[in-house]
Amino acid sequence: MTDLSARHGEDQHAERAGTQRVQRKMAPIVPAQNIAGRALVLVIAIMTFLSCLTFGAVTLVRDTATVWENQISREATIQIKPMEGLDMEAALAQASQIAGEFPGVKSARIVDRDATARLLEPWLGSGLNIDELPVPRLIIVTIDETSPPDFAAMRAAITPKLPSASLDDHRTWVDRLVAMARTTVTIGIAVLALMLAATVLTVVFATRGAMAGNGHIIEVLHFVGAEARFIAREFRHHFLVTGMKGAAAGGAAAVFIFIVFSWWSSRNMATPQADQATALFGNFAIGSAGYLGVVLMVLVIGALTAATSHVTVVTYLSDIDVRQPDAG
């Protein structure tokens, strides 16, 4: 009986020792939670938030510029300035009739007094009397994009009969708009590249800091035969999780900002301020392509964090191999 008890005690002791060895074996090389890790998550979240905001802003400008370009290319404007002795209503009707006779013109719509007053309301306030102000009146000419009219001939037909009238086909504005959109997109891409570069450098310093805190463990593992791939894989996994946490938090914050602005724009659509903001930036909705871009940005930053830490660890271990023969 005594022998059985002793043997049972030895088995329990061996089982506990085996469990402790397994626990020691499963202990991570890089601490899962530390001050540096939490700070890195916060930094990556901030970088991802700014990167997603930049990407979303570029998407808004590009989409709005495309809408502007399409709208401008579909329309031309006839402007008639008030003159002494000019019957404005008759002049508007005459110019509209002349423009409507040209091939390639779908319609010629006169902007009435109320619509003209609404256009001036953000600057001059409400309750305007257009007849008491020297305000030009407009005619919106809708054109066929596939077969536009001869604008030079239209000007030649309108100007002799109505000297105060002028035709604007918006070609100059279209060229400027395209140039502005391309410049904005280029600047946004450059800023985005700088932010990604800053993220990479941040991860490099964080990885080196983690390795400095665990350098003795890494060197012991390396010297007893642990492969560089195993050590690098442990660091890569740790920083992949860290990077994905920060990137997901930053991406979610950016999406929340865009949703809030889109909601605010839709709720304040009737105010002059919202009308002007909508005219410049659309409804602040980046669309499905924009949200997909945010998701891709989160994945790219997470993968970039893991790849950067992997390269840093491999380089560090290579330096150890180079220093070892010199030490010997």
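The values are calculated or read from the model by the stated rules, or taken from the named source; none is laboratory data. Not measured: the values here are computed from a predicted model. Backbone-built Cβ (ideal geometry, glycine too); neighbour counts: all protein chains shown.
Computed values, structure above
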item: Residue identified as assigned by TED's automatic domain parsing to the domain that holds residue 49, assigned to a helix (DSSP H, G or I) and closer than 30 Å to residue 290 by Cα among 252, 232; result: 252
item: The stretch 171-185: number of residues that are of a type in the set (Val, Ile, Thr) and over 20 Å from residue 75 (Cα atoms); result: 3
item: Matching residues, the stretch 87-102, being outside any helix (DSSP H, G or I) and surrounded by 14 or more Cβ atoms within 10 Å (Cβ to Cβ); result: 102
item: Residues of the stretch 58-86 satisfying the condition of being at pLDDT below 85, in contact with a helix residue (DSSP H, G or I) (Cβ under 7 Å, 6 or more places away or on another chain) and either crowded, with 21+ Cβ neighbours inside 10 Å or outside any helix (DSSP H, G or I) (or both); result: 58, 59, 60
item: Top-ranked residue of the stretch 103-134 - restricted to ones that are part of a helix (DSSP H, G or I) and basic (Lys, Arg), ranked as modelled with the highest pLDDT; result: 113
item: The stretch 155-183: number of residues that are loosely packed, with under 12 Cβ neighbours inside 10 Å, more than 30 Å from residue 63 (Cα to Cα) and among the hydrophobic types (A, V, I, L, M, F, W, C); result: 1
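So that you can scan it fast, the table gives a plain yes or no per residue for (1) outside the structural domain of residue 40 (by TED's automatic domain parsing); (2) crowded, with 17+ Cβ neighbours inside 10 Å; (3) modelled with pLDDT under 75; (4) not in a helix (DSSP H, G or I):
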residue	(1), (2), (3), (4)
185	no, no, no, no
189	no, no, no, no
193	no, no, no, no
198	no, no, no, no
201	no, no, no, no
208	no, no, yes, no
238	no, yes, no, no
244	no, yes, no, no
